Amino acid sequence: MSEPTVCRRARPCPDSSYCESCDLLVGLEGFHVIEVARLEAGLRVVVESARQMMGCPTCGVIVGSHGRRDVHLVDVPCFGRPVELVWRKRTWRCEEALCATKSITEQHHNLAPPRALLTVRAAWWAINQIRREHASVAGLARQLGTSWNTVWTSIKPLLEAMAADETRFAGVSTLGVDEHVWHHVSTRPVAEGGRGPKELTGMVDLTRHPDRKGKPRVRARLLDLVPGRSGPAYADWLKARNTAFRDGITVATLDPFHGYKNAIVDQLEDAVAVADAFHIVKLGGAAVDDVRRRVQQDVHGHRGRKGDPLYGIRLILRCGAEKLTDKQKRRLDQAIGADERYEEVYVAWLCAQRLREAYRCENLREGRKIAEKVLTSFLTCPIPEIRRLGKTLKQWQAPFLAYFDTARSNNGGAEAINGLIELHRRVARGFRNYDNYRLRMLLVGGGLTHSHLK
């Protein structure tokens, strides 16, 4: 080579003491790279701000330089390696004798707030990795070359600030509720070494929003997680919201649980309660299973075994009639025809299919008519399990029929959020602290909003 090459030669910077290419690569606006070193565990990048005149914030007198102070921060990983960012903070001294301010330290909140451990962009990078990539805090700590406590201590205040923002409850017109088990250990109070209630109640925004084609779609969003699975737990949370929030709820979906229903009646007087379709259909399937087990015991005197006709079709009885193959239909007919006493099971299965048909009907008016017939016919059914199901549906008549009057409102979005919560609980290998658990699940469940969240 005829002459040595330097990065500064490739693209000269207005200030000859800095390299514009290095500044562009590091990407910290207002800062210049003055050194890059390779460490055993990663990279060290040293940056500083450009020299400029500085006035005392108290008296306005031009201050003189008082040297620099190195601040070590954890930055976003670069090229698969952890990065230690060294910020050479400028300090100044006010020489005005009557001024109370003696020294001034440089502050740039876009880079890092005072006493921070991570840069601002590293903290938001970690938050987005948890939300979008389902990353664990321990995994992020390994990528950043630091500890779990350092990462969580840095991002927790940001999550708490977003969770405390009441504006995230605006615009909710459909509210779902669902129970969730967050641990399976001691339920003793936290003060006595336990983790408190193992069950939580989750509130989910199920408001429909238009998609790209203008069709209304539910974009489920977790609003909060509170300890306990009871009506008071749900009612107390509703009381803590403002009147505008409660008045804005027009539809409240729920599983068939009287505690939640009572809370809706007490706190959401103008809202229509809708029983979740999945759980109603599940009650029908459970009734068929109960009939099959009872008939099995009455006919054979023991529970189902391999080779017993009813035991062989136990999974087929849980399927919808429209999903059965020709082979499955033949197996069903052969099993039921093996003994005339099995007809009771077949009748129960047909009743459950009738219940499913109400929800599957494309025309909501026709579906409501089928549902109304189900309410009247199940109550007079000679099969005790179906009659018991009819009594349950009668108790839930208004929420049951409300499905057909609210454009198929259901609690499916809350179940989807619950599945997402379960995923992150497994990724994290469980949680010992309820507050940390709530913040992380609000993040992954979409309940937190910020301009830095992607």
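Restricting to segment 126-142, count the residues that are aliphatic (A, V, I, L, M), within 17 Å of GLY42 (Cα to Cα) and open to solvent by 40 Å² or more (accessible area, probe 1.4 Å).
Result for segment 126-142: 0.
Of the conditions (1) assigned to a strand (DSSP E or B); (2) open to solvent by 30 Å² or more (accessible area, probe 1.4 Å); (3) of a type in the set (Asp, Glu), GLU95 satisfies every one except a single condition; which number is it?
So GLU95 meets the others, but not (1).
Just one of the numbered conditions (1) closer than 30 Å to GLY80 by Cβ; (2) of a type outside the set (Phe, Trp, Tyr); (3) assigned to a helix (DSSP H, G or I); (4) within 20 Å of the chain's Cα centre (by Cα) is not true of ARG168; which one?
(1)
Taking the condition in a loop (DSSP other than H, G, I, E, B), modelled with pLDDT of 95 or more, open to solvent by less than 40 Å² (accessible area, probe 1.4 Å) and touching a Ser or Thr at 6+ places or on another chain (Cβ under 7 Å), does VAL177 pass?
Judged against the criteria, VAL177 is not a match.
Output the residue which, of all residues in segment 276-304 that are touching a helix residue (DSSP H, G or I) at 6+ places or on another chain (Cβ under 6 Å) and charged (D, E, K, R), is surrounded by the fewest Cβ atoms within 10 Å (Cβ to Cβ).
Applying the filter and picking the extreme gives ASP290.
LEU159 - would you say it is part of a strand (DSSP E or B) and either open to solvent by less than 60 Å² (accessible area, probe 1.4 Å) or of a type outside the set (Ser, Thr, Tyr) (or both)?
No, not satisfied.
Restricting attention to segment 393-423, which residues are assigned to a helix (DSSP H, G or I) and open to solvent by 50 Å² or more (accessible area, probe 1.4 Å)?
LYS394, GLN395, GLN397, ALA398, GLU415, ALA416, LEU423
Confirm whether ARG314 is farther than 30 Å from VAL172 by Cβ, out of contact with any Phe, Trp or Tyr (no Cβ under 9 Å at 6 or more places or on another chain) and open to solvent by 30 Å² or more (accessible area, probe 1.4 Å).
Yes, satisfied.
Looking at GLY337, GLY307, which is the one that is exposed (fewer than 15 other Cβ atoms within 10 Å of the Cβ), without any contact (Cβ under 8 Å) to a residue 12 or more places away in the chain and on the phi > 0 side of the Ramachandran plot?
GLY307
To keep it simple, each residue is scored yes or no on (1) closer than 26 Å to ALA407 by Cβ; (2) touching a helix residue (DSSP H, G or I) at 6+ places or on another chain (Cβ under 6 Å); (3) not in a loop (DSSP other than H, G, I, E, B).
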| residue | (1), (2), (3) |
| --- | --- |
| VAL185 | no, no, no |
| PRO197 | no, no, no |
| VAL204 | yes, yes, yes |
| GLY214 | yes, no, no |
| PRO232 | no, no, yes |
| ASP236 | no, no, yes |
| LYS239 | no, no, yes |
| PHE245 | yes, yes, yes |
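Quick check on my filter: what residues within segment 102-125 are more than 24 Å from HIS452 (Cβ to Cβ), open to solvent by 30 Å² or more (accessible area, probe 1.4 Å) and touching a residue at least 24 places away in the same chain (Cβ under 8 Å)?
Hits for segment 102-125 are SER103, THR105.
Can you tell me which residues in segment 202-236 are closer than 11 Å to ALA414 by Cα and surrounded by 15 or more Cβ atoms within 10 Å (Cβ to Cβ)?
GLY202, MET203, VAL204, ASP205, LEU206, VAL218, ALA220, ARG221, LEU222, LEU223
Open to solvent by 70 Å² or more (accessible area, probe 1.4 Å) and out of contact with any Phe, Trp or Tyr (no Cβ under 8 Å at 6 or more places or on another chain): does that describe TRP148?
Yes.
Inside segment 373-390, can you point out the residues that are open to solvent by 20 Å² or more (accessible area, probe 1.4 Å) and either touching a helix residue (DSSP H, G or I) at 6+ places or on another chain (Cβ under 7 Å) or among the hydroxyl-bearing types (Ser, Thr, Tyr) (or both)?
THR376, SER377, LEU379, THR380, ARG387
From the list THR187, THR150, THR105, which residue is closer than 20 Å to GLY202 by Cα and β-branched (Val, Ile, Thr)?
Within the list THR187, THR150, THR105, the selection yields THR187.
Tell me whether segment 268-275 contains one or more residues that are surrounded by 18 or more Cβ atoms within 10 Å (Cβ to Cβ) and part of a helix (DSSP H, G or I).
no
The values are calculated or read from the model by the stated rules, or taken from the named source; none is laboratory data. Given the structure is predicted, the values throughout are model-derived calculations rather than measurements. Every residue, glycine as well, gets a Cβ built from its backbone with ideal geometry; the counts of neighbours run over all protein chains shown. Each accessible area value is taken on the protein alone, full model and side chains, heavy atoms only, with ligands, DNA and RNA left out. Shrake-Rupley method; radii C 1.70, N 1.55, O 1.52, S 1.80 Å.
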